Amino acid sequence: MPVANFDDDRARYAGQLVTAVREAGQLALGKFRAPLKSWNKGDDSPVSEADIAVNEFLQERLRDPDGHIGWLSEETEDDPERMKARRVWIIDPIDGTRAYIGGLPDWSIATALVEDGRPIVAALYAPVDDEMFVAVAGKGATLNGQPIRVGDGGLDGTRIAAPPGYLRRLQQNAPGIAPQPKIHSLALRFARVAHGAIEAAFASGNSHDWDLAGADLLVHEAGGLLTTFTGQSLTYNRPDPVHPPLVAAGPQRHAALIALVQEHPISR
């Protein structure tokens with residue numbers, strides 16, 4: 001495929017995704033802090049009627065009429081047919097459902113288009129603050145249309161968002177770090193690294209494709225790295241879409257954090 005057509009293709013998908021995600025955000029906002037039905041799924045994770053409504057809206061708006069693009073969402077029963085697709089929409093209708101149900105602002109709608117196991121287009125929207133993060137592979141990342149870039153440097157003073165157990169262990173071995181308040185949406189946690197609001201973020205094991213794919217592209221297109229503790233990048237749309245513990249930061253900090261957690265293993 002000629003380069004121009006290839007770029008136009010990604011730009012078209014990005015435009016489609018941003019429009020759909022922004023409208024989905026307005027749908028979610030309309031139910032936010034209002035009486036809401038919610039329940040726990042089989043794994044004890046919460047879900048609400050808003051999660052389902054946003055999922056159905058995005059599925060309708062993003063559905064490929066030719067059936068060439070697969071679908072993987074936290075709130076849709078997994079269809080193994082997605083494994084046959086080169087491209088797959090990966091969706092978390094509301095990332096940070098506990099925050100959403102609790103009336104807290106740090107939730108997001110996290111979306112990506114994955115091709116051959118890696119994200120090529122991403123849109124992550126935090127409706128309460130009207131923050132739209134967008135990334136296209138090879139074209140950079142933006143926040144509300146403005147280019148964003150990770151911060152980088154040494155570990156001293158590094159603002160880190162992570163599970164509490166991780167933060168305690170990190171502070172024991174790198175006392176100069178600056179722990180940050182909890183960010184319920186994992187995708188938003190990593191997006192904050194992409195635009196430099198914090199300098200590093202961790203995820204414990206058992207995060208899923210839908211938590212990560214969009215934020216992964218944002219971090220990389222902003223000049224950072226998001227990997228496992230052994231430095232491996234992530235592959236999406238596998239049979240089991242679950243990932244081990246992860247760390248994101250600018251290249252220099254990322255290397256220092258990888259060295260730190262390998263020398264002093266951390267756990268929850």
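Computed from the coordinates by the stated procedures, all read-outs in this text should not be read as laboratory data. Every value quoted in this text rests on a predicted model; they were computed, and no experiment measured them. Cβ atoms come from the backbone with ideal geometry, glycine included; neighbour counts cover every protein chain shown.
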Could you grab the relative contact order for the chain? Cα pairs under 8 Å, six or more apart, rounded to a whole percent.
-> 17 percent
Would you please state the base-10 log of I(q)/I(0) at q = 0.25 1/Å for the stretch 3-88, with intensities from the Debye formula using one equal scatterer on every alpha carbon?
-> -1.28
Taking the Cβ of each residue in T228, T111 as the centre, tally the other Cβ atoms inside 10 Å and list the residues starting with the fewest.
-> T228, T111
How big is D for the stretch 161-218, in µm² s⁻¹ as a whole number, if Stokes-Einstein is applied with the Kirkwood radius of its Cα pairs at 4 °C and 1.567 mPa s?
-> 109 µm²/s
Which entries in the list K31/K84; K41/K182; K37/K182; K37/K139; K31/K139 go over 31 Å, if you measure between the two C-alpha atoms of each?
-> K31/K84; K37/K139; K31/K139
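For Cα pairs less than 8 Å apart in space and 6+ apart in sequence, what is the mean separation divided by the residue count of the stretch 36-186, i.e. the relative contact order in percent?
Details: 249 pairs, mean separation 21.5, N = 151.
Answer for the stretch 36-186 is 14 percent.
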Convex hull volume of the Cα atoms in the stretch 152-268, per residue, in Å³?
-> 87 Å³
Can you give the calculated 222 nm mean residue ellipticity of the chain, where each DSSP H run of n ≥ 4 adds -39,500 (n - 2.57) and the sum is split over every residue, rounded to the nearest 500 deg cm²/dmol?
-> -11000 deg cm²/dmol
For S233 and M83, FRET efficiency with R0 = 25 Å and r from the beta-carbon atoms, rounded to 0.05?
-> 0.80
Among D240, D43, D92, whose mean-square fluctuation peaks in a Gaussian network model of the chain (Cα, cutoff 10 Å)?
-> D43
Return one number: the angle in degrees, 0 to 90 and rounded to the nearest 10, between the long axis of the Cα atoms of helix 3-31 and the longest principal axis of the Cα atoms of the chain.
-> 90 degrees
For the stretch 3-147, just the Cα atoms, rotate onto the principal axes and tell me the three extents in Å, largest first.
-> 49, 38, 22
Any chance you could give the angle, 0 to 90 degrees and rounded to 10, that helix 209-221 forms with the longest Cα principal axis of the chain?
-> 70 degrees
At 7 Å along the Cα-to-beta-carbon direction for both E49 and D130, put a label point, then send me their distance in nm to one decimal.
-> 2.8 nm
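Based on a Kirkwood Rh over C-alpha pairs, give the Stokes-Einstein translational diffusion coefficient of the stretch 143-191 at 37 °C and viscosity 0.692 mPa s in µm²/s.
Details: Rh = 12.2 Å.
Reported coefficient: 269 µm²/s.
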